[in-house]
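One structure below.
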Amino acid sequence: MISTRAGAGRGNRDENPLRPKDRLYDRLVEDVAAAGLRSGHPEGVVTDADLAGLPDAVQRYMRFMGVVGRPRDWSFRARFVGRFRMRPDAGWATAEAWQYNSAVEIARVFVLRIRLAHLVPVVGRDTYVQGRGRMLVKLMNLVPVADGKGEEFDHSELITYLDDAVLLAPSMLLGPAASWAAVDDRAFDDRAFDDRAFDVTLTDAARSVTARVFLDERGAPVDFHADRYATLPSGLTLARWRTPVTTWDTALPQRPLPGPAKAVYDLPDGPFPYIEGRFVPGTVAYNVAPG
């Protein structure tokens with residue numbers, strides 16, 4: 001359970017990820033509480049029968065992700081570390097983030113901290129709550145420098161929620177809000193993809209978003225493609241958004257975890273990777289109450 005009780009998290013924060021001594025984690029707790037999210041409850045174990053009727057590629061993917069034999073997930077919490085940049089011509093800054101996603105009511109709370117010139121902290125919040133997306137950025141967590149709202153952010157944040165679920169908690173998509181479709185091989189210039197890709201559509205608040213997920217021979221996701229709005233100096237630009245995954249860690253006690261990954265916009269001037277890093281093993285927890 002997300003907690004900030006006194007005395008929590010002394011020592012190395014990664015040794016006790018449930019109660020880290022980290023102000024960024026405290027901000028996550030505060031934002032999740034402010035969102036008023038409801039707690040879920042354990043549901044039945046996913047069986048082969050639950051996958052029957054899904055495209056073959058989806059079934060292979062679900063089995064690789066260790067979905068069968070586990071209860072359906074209704075939330076997860078994770079820490080991410082890596083680097084971030086705000087525009088294509090900017091340098092990279094060290095970044096770390098915490099996030100909480102819920103399927104009880106489709107919601108995502110993501111808090112990111114970077115340090116400009118390794119000194120000045122900038123805190124960003126990406127949220128999708130009650131069908132509305134928002135991007136809020138503050139210098140030193142005090143001075144607002146960006147506050148994005150509206151249909152473009154509603155769409156983009158729902159896409160990001162879908163990407164999170166595909167990579168970390170696919171059983172959150174085994175419900176009426178998501179639908180799945182096989183991919184016609186002819187879409188790939190006659191290459192034999194067969195069970196190597198599928199489309200997934202997620203609907204919330206009368207809004208639907210669709211992504212294409214690409215798999216390797218094991219059924220592991222290696223890329224996720226969707227249309228998403230990039231926030232650029234020139235304004236919002238709709239572009240193809242990708243989250244390629246280099247490797248998967250399958251030696252963990254719980255379930256496969258994506259290794260080094262990044263998010264990339266394909267812009268007219270070329271690819272714009274803006275965040276790179278990985279989820280920290282041991283910090284990804286499932287079915288966590290909002291606290």
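The values are calculated or read from the model by the stated rules, or taken from the named source; none is laboratory data. Note that the structure is a prediction, hence the values are computed from the model and not measured. Every residue, glycine as well, gets a Cβ built from its backbone with ideal geometry; the counts of neighbours run over all protein chains shown. To get the accessible areas, we keep the full protein, side chains included, count just its heavy atoms, and leave off ligands, DNA and RNA. Shrake-Rupley method; radii C 1.70, N 1.55, O 1.52, S 1.80 Å.
Below is a table of values for the structure above.
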{"read-out": "Checklist (1) at positive phi; (2) crowded, with 17+ Cβ neighbours inside 10 Å applied to G36, failing item", "value": "(2)"}
{"read-out": "Residue match in region 156-175 (condition: touching a residue at least 12 places away in the same chain (Cβ under 8 Å), among the polar types (S, T, N, Q), open to solvent by 70 Å² or more (accessible area, probe 1.4 Å) and farther than 20 Å from A230 by Cβ)", "value": "no"}
{"read-out": "Subset of region 263-277 that is in contact (Cβ under 8 Å) with a residue 40 or more places away in the chain and of a type in the set (D, E, K, R) - its residue that is most open to solvent (accessible area, probe 1.4 Å)", "value": "D269"}
{"read-out": "Region 240-262: number of residues that are basic (K, R) and assigned to a loop (DSSP other than H, G, I, E, B)", "value": "1"}
{"read-out": "Every residue from region 228-255 that is at pLDDT 95 or above and either on the phi > 0 side of the Ramachandran plot or under 15 Å from the mean Cα position of the chain (by Cα) (or both)", "value": "R228, W241, R242, T243, P244, V245"}
{"read-out": "Residue list for region 19-33, restricted to those being assigned to a helix (DSSP H, G or I) and open to solvent by 80 Å² or more (accessible area, probe 1.4 Å)", "value": "R23, E30"}
{"read-out": "Qualifying positions in region 57-89 - over 19 Å from the mean Cα position of the chain (by Cα) and open to solvent by less than 20 Å² (accessible area, probe 1.4 Å)", "value": "A57"}
{"read-out": "Any chance T250 is of a type in the set (S, T, Y) and surrounded by fewer than 17 Cβ atoms within 10 Å (Cβ to Cβ)", "value": "yes"}
{"read-out": "Residue list for region 183-215, restricted to those being open to solvent by 20 Å² or more (accessible area, probe 1.4 Å), at pLDDT 95 or above and either assigned to a loop (DSSP other than H, G, I, E, B) or in contact with a strand residue (DSSP E or B) (Cβ under 6 Å, 6 or more places away or on another chain) (or both)", "value": "D199, T201, A205, A206, S208, T210, R212, F214"}
